[in-house]
Amino acid sequence: MRSPDVAWVTWGSYPVWRQVERVVRQDEEVANEAAEAANGIRKECEAELNLALPLLEEATAALNTIKQDDIVFIKAMKNPPQGVKLVMEAVCVLLGEKPDRVPDPQGTGKMVEEYWSENLLNFDKENISQKAIQTIRSKYRDNQEFKPEKIMVASKAAESLCKWVLAMERYEEVDRKVAPKREALQRADQQYQGLMGELRKKQEALRGVQEELAGLQAELDTVKKEKLELEQTVELCSIKKDRAEQLLAALGGEKTRWTDNAHHLAQVYIYLTGDMLLAAGVIAYLGAFTPEYRTEQTIRWQQECRQKGVPCSGEFLLASVLGDPLTIRDWTLNGLPTDPFSIDNGVIISNTTRWPLLIDPQGQANKWIRNMEKDNSLQVVKLSDPDFIRTLENCIQFGQPVLLENVGEELDPILEPLLLKQTFKQSGSTCIKLGDATIEYSAEFRMYLTTKLSNPNYVPEVSVKVTLVNFALTAAGLEDQLLALVVAHEKPELEEERVTLMLQTAQNKKNLKELEDRILSTLSSSQGSILEDETAINILSDANRLVKETQEKQTIAEETEKKINATRLGYRPVAVTASILFFTLRDLAALDPMYQFSLNWFVNLFSNSIDNSEKANELTDRLSSLRNHFTLSLYHNVCTGLFEKDKLVFSFLVCVNLQRSENKIVDSEWLFLLTGGVALATDPIPNPAPEWLPETTWVQIQWLACLPSLKVLADKFPQHVEEWRSVFESDTPQKETIPCEGQMELSRLQLLCVLRCLRPDKVVAAVQDYVADLLGKAYIEPPPFDLARTYTDSNCCLPLIFLLTPGADPTNLLLKFSEDQGMGGERLQSVSLGQGQGPVARKLIEEGVRIGTWVLLQNCHLAKSFMPDLEKVIN
C-alpha cells in the first residue's frame, strides 16, 4: 500500500493532492473488492445455514413445547416403548453420556429432567463431537423406529426430543461444510478491516489536503471574484466611455442652443412677475381696444411697474409671454391673420377665464374659430334660431364647442348663468341651470360669441360677464391675405409651395418641440448616472438624430421660404394699395352709417380684377396694370352705392390715402385741411387789406402759421397784398400762382390748405383737379349705373340690393337685363314683400336655388321681420 504522507508540491504540472486522491481511490476500489468477496462468502454460508436453521428452530420450538408433565410421564413409564428408549439413548449420545446409563425409564426420565434445564436448551451445537455424530448417523438416523411420527404415538415429549436430535445431526453436517467458508470469511473480514484502516489513514491525509485545497480554492475564488469585478469595472468604464462619447456626440452640438435657452429662461424668470402682471392686465382690460391704444397703455403700465420696483421686460409682447409658437402656427394655418394684433387676440382668447365676445365686423374671427374647432364638432347658432336653446344644452352636456354669431348690444338673459359659469354639484356631477332646465356641465365645453358691429356699445353689466376682444381687421393682416390671393392667381405653383412649406415648417417645429420634451423627460427621469442607463442613451441618440434631421429639413424649408418670400414681395405693392383702399372704404362709415362694405365682397372684387386686368411680361407693368384696374373697378362699384355728394369725397380720400402711403403728404397739413387751424397764442396781426379781405379770411390765413411749412407764407402775406388780391379775386384761384418767398413752391395739399383759408368756395374745384392730376379724370366723373357690370361683380352668394329714392323703380331695367341674359319670362320670379309674404319669398328662393332662376324681392322695407330669415337663407 502507498504511504498516506503527502506534501504540497507539484510533480510536473500535476499536484500531489491529485496523486493522493488517485491512490485513495484505488485503495477504496481494493477495499470494495475485499468487502464484496467477504459478502459473497458470507452469503454462501448464510445460504447453507439457512437450510438447517429451520430445523434447528423447529427443534428448539419442540423442546419449548415439552412440559414438566411430559417428563413426569416418561419418568413414570415402567417399560417404555422401543422408540422412547432410542430417543433417550440418542439424547445421551449427544450429551456425551453412554447409552448404557439408561437402565430404566425412571432413570431416563430423571436424566432428561436433569439435562433439560442445563444442557438441551443451551446445547453447544457448534462443537458436537464427531463420535457422537457418527453414532447418531449409524445407529439412529436411518432407524425406522427413530421416526418422530412413530415416536409421537408413545410420547409427545419423546417426539420433540427425536426432532431435536435429528436437527442437531443435520446442523452439524451443514456446519461442517460451512466451517472452511467461515474461516475464509474471517480472513476476508480481517483483510477488509486492514484495508479499511489504511484507507481511513489515507482518507484523513486526503481530507487534510482537501481542507488545505479548499482554503486555497476559497482564496482563488476570492481572487477570481476580484478579477471578475475588475474586468466588469473595466468593461463598464469602457461602456461608459463609449456612452459618454455617444452622449457628447448626441448633445454636444446642442450645447450652444440649450445654453442660450437657459440664459433666456433665466432672464425671463427674473421678469416673470412683471410680465405676468402686464399680461393679466392686457387680457382683463385691453381686449376691446385698438392696437395703438393697447401699445400706449402697455407702455404706461411698464413705466408704473418700473417706478414701483416690479421687474418686467424692456419690450412687452403678449405673444412672447403667454403664446406658444406651435399653437400660434396652428392658429395661422386655420385662418388667423398673421399680424401681431390678431395673434395677441388669439392669446387673449386662449387664456381668458371668461367666454370671449369677439368684435368681428369683417368675419375674420368667425372664420378662424370655424376652422380651429371644425374637428371638435363645432355648433354654429344665432340667438334668432328656433332651436338655439336645445343646441346650446346639447353642447354644454356633451362638451362640444359652440359659436354664437351676430350678437347685438344686448344678450339674452338666459345666457347669464352660462356667462358667469354658475355651476354647482349635484349627485356628484357638475351641473348648471339654463332657464328652467338643470343640465350636466362638461369640462370640455367652450363658447365663443361674435358680433358684426364695428363699434358696439356694451353696458358694463355685459362687459364684466365676457371678455371683449377687438378683432377688427388690421392693415398688416389684410395685406398678407391679399398678397396670398394675388400670388395664388399669378404664381399658383409658388403659393402652393409656400402653403406646403408652412405646413412642413409647422410640423418640423412641432417635432422639434416633442423631441426636446422627450430629451428633457429622459434626462429628468433617469436614475443615478445617466451613463449607466443604456435605454436613456439610446433614446437621446435617437432623439438627437431626429433633431438633426428635422433641423436640416427646417433649414432647407427656411431657405426655400426666403426665396419664395422674395418672389412674393414683388407683388406686395398691389396688396398694400388694395389694403389702403379697403380701409378707405371703412372710413366712409363716418359720412353715412349706410356705407358698410363687406370684406368678402372686397376680396371677390380684387380677385376679379386679378383675372380681368391686362397681363404683362414685366412685373412692374403687371403691377401697374393690376393696381390701376382694381382701383378703377373699386371706384365704379363703390360709386354705385354712394350718394352723389359723397362720390368726390371718396375719390379724394382714395387719392390722399395713396399719397400718404408713399409719404408724400404731411399729416399736419392733412389735418389742417380737414379741421382748420387754431388760434395763435400771440396777439393777432391787424388785417393788411380790410377793403377786400374779409376779417374771417384773414384770421384763417393767420392760422396757416401753425403749419411749419406755411408759416413763412402766412407771415409774409402783408408784404404781397396786391398779389394775394389777384388770387382772391380770380375765377380760378386754384390755377393762379401763389405768392411765395424765394424758391418756395407749394405742394398740391398745401395749395388746398391755402385755398381753404382764402377761397373755400373753390376747394371742391381744386380737389377735382387734385384727383384728376394724380388718379385721372375717370375718378371725378362718376360712371352711370351699369347693371351689367354690377351683375358681373356679383355671384350667387352676393345678391344685388337696390336702395331707391322716392320715385325710382329699376324693375323695368331689371326685366330688360334678364331678357338679355336669357332669364326672362318665368325664369324671373318676383314678390312684393309685406304681411304674410315671407314664406312665399322663401319658397321662391328655394325653388330658384334648385332650378337656377332669379328672384326679385320688392319692398323689403315693409318686411323687417323677414330680414333675419333672409339673411340666414343667403348665408
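The values are calculated or read from the model by the stated rules, or taken from the named source; none is laboratory data. Bear in mind that the values here come from a model prediction, so they are computed numbers and not experimental data. Quick reminder, even Gly has a Cβ in these numbers, built from the backbone with ideal geometry, and neighbours come from all protein chains shown.
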Which condition number does L642 fail, the rest of (1) in a loop (DSSP other than H, G, I, E, B); (2) within 24 Å of E781 (Cα to Cα); (3) without any contact (Cβ under 8 Å) to a residue 40 or more places away in the chain being met?
-> (3)
Any idea how many residues of segment 394-430 are of a type in the set (A, V, I, L, M, F, W, C), outside any loop (DSSP other than H, G, I, E, B) and buried (at least 16 other Cβ atoms within 10 Å of the Cβ)?
-> 8
Could you grab the pairs with beta carbons closer than 6 Å, sequence gap of 6+ or different chains, first residue in segment 345-371 and closer than 24 Å to D412 by Cα, second one among the basic types (K, R) and part of a helix (DSSP H, G or I)?
-> none
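Residues checked against (1) surrounded by 13 or more Cβ atoms within 10 Å (Cβ to Cβ); (2) more than 34 Å from the chain's Cα centre (by Cα); (3) small (G, A, S); (4) closer than 17 Å to D339 by Cβ:
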| position | (1), (2), (3), (4) |
| --- | --- |
| L278 | yes, no, no, no |
| A284 | yes, no, yes, no |
| T290 | yes, yes, no, yes |
| R294 | yes, yes, no, yes |
| Q297 | yes, yes, no, no |
| R300 | no, yes, no, no |
| C305 | yes, yes, no, no |
| S320 | yes, no, yes, yes |
| G323 | yes, no, yes, yes |
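Condition test on E479, is it of a type in the set (D, E) and closer than 30 Å to L501 by Cβ? Steps first, answer last, please.
Values: of a type in the set (D, E): yes; closer than 30 Å to L501 by Cβ: yes.
Criteria met by E479.
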Options E183, E211, E204, E226; residue that is at pLDDT below 80 and surrounded by fewer than 16 Cβ atoms within 10 Å (Cβ to Cβ) = E183
Mind checking whether some residue in segment 506-524 is buried (at least 16 other Cβ atoms within 10 Å of the Cβ), under 32 Å from the mean Cα position of the chain (by Cα), at pLDDT below 85 and closer than 24 Å to A575 by Cβ?
-> yes
Go through segment 448-479 and count every residue that is outside any loop (DSSP other than H, G, I, E, B) and either of a type in the set (G, A, S) or surrounded by fewer than 20 Cβ atoms within 10 Å (Cβ to Cβ) (or both).
-> 7
The lone condition V112 fails out of (1) surrounded by 14 or more Cβ atoms within 10 Å (Cβ to Cβ); (2) at pLDDT below 75; (3) farther than 18 Å from N64 by Cβ is (3)
Output the residues belonging to segment 440-471 that are more than 20 Å from Y293 (Cβ to Cβ) and among the small types (G, A, S).
-> S442, A443
Would you please list the contacts, defined by Cβ atoms under 7 Å and residues six or more apart or on different chains, that run from a residue in segment 609-627 that is part of a helix (DSSP H, G or I) to a residue that is acidic (D, E)?
-> S625/E614
Set L815, L857: member being of a type in the set (A, V, I, L, M, F, W, C), assigned to a helix (DSSP H, G or I) and surrounded by 12 or more Cβ atoms within 10 Å (Cβ to Cβ) = L815
Residues being in contact with a Gly (Cβ under 9 Å, 6 or more places away or on another chain), of a type outside the set (A, V, I, L, M) and not in a loop (DSSP other than H, G, I, E, B): count how many of those fall in segment 580-608.
-> 1
Does T338 satisfy the criteria of being in a helix (DSSP H, G or I), modelled with pLDDT under 90 and among the β-branched types (V, I, T)?
-> no
State yes or no: is L774 touching a residue at least 40 places away in the same chain (Cβ under 8 Å) and touching a Leu at 6+ places or on another chain (Cβ under 7 Å)?
-> no
For segment 824-833, state whether one or more residues are over 30 Å from D592 (Cα atoms) and within 53 Å of the chain's Cα centre (by Cα).
-> no
Out of (1) touching a residue at least 60 places away in the same chain (Cβ under 8 Å); (2) not in a loop (DSSP other than H, G, I, E, B), the odd one out for I665 is which?
-> (2)
Considering residues that are modelled with pLDDT of 90 or more and either in contact with a helix residue (DSSP H, G or I) (Cβ under 6 Å, 6 or more places away or on another chain) or of a type in the set (D, E, K, R) (or both), the number found within segment 252-280 is 4
Taking E614, is it of a type outside the set (K, R) and more than 30 Å from Q719 (Cβ to Cβ)?
-> yes
Might you check whether a residue that is crowded, with 16+ Cβ neighbours inside 10 Å and touching a Ser or Thr at 6+ places or on another chain (Cβ under 9 Å) occurs anywhere in segment 670-681?
-> no
Any residue in segment 819-841 that's within 15 Å of A788 (Cα to Cα): show its pairings with residues that are of a type in the set (S, T, N, Q) and part of a loop (DSSP other than H, G, I, E, B) at Cβ separation under 8 Å, as long as the two are six or more apart or on different chains.
-> M823/T853
Which condition number in (1) within 30 Å of S625 (Cβ to Cβ); (2) surrounded by 15 or more Cβ atoms within 10 Å (Cβ to Cβ) is the one that E496 fails?
-> (2)
Where residues in segment 120-151 are among the hydrophobic types (A, V, I, L, M, F, W, C) and closer than 12 Å to Q82 by Cα, which of them is surrounded by the most Cβ atoms within 10 Å (Cβ to Cβ)?
-> I151
Flag for K762 being in contact (Cβ under 8 Å) with a residue 12 or more places away in the chain and among the basic types (K, R) = yes
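For (1) among the acidic types (D, E); (2) surrounded by 14 or more Cβ atoms within 10 Å (Cβ to Cβ); (3) assigned to a helix (DSSP H, G or I), each residue gets a yes or a no:
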residue: H720; (1), (2), (3): no, yes, yes
residue: R725; (1), (2), (3): no, yes, yes
residue: T737; (1), (2), (3): no, no, no
residue: L746; (1), (2), (3): no, yes, no
residue: L751; (1), (2), (3): no, yes, yes
residue: R756; (1), (2), (3): no, yes, yes
residue: K762; (1), (2), (3): no, yes, yes
residue: V767; (1), (2), (3): no, yes, yes
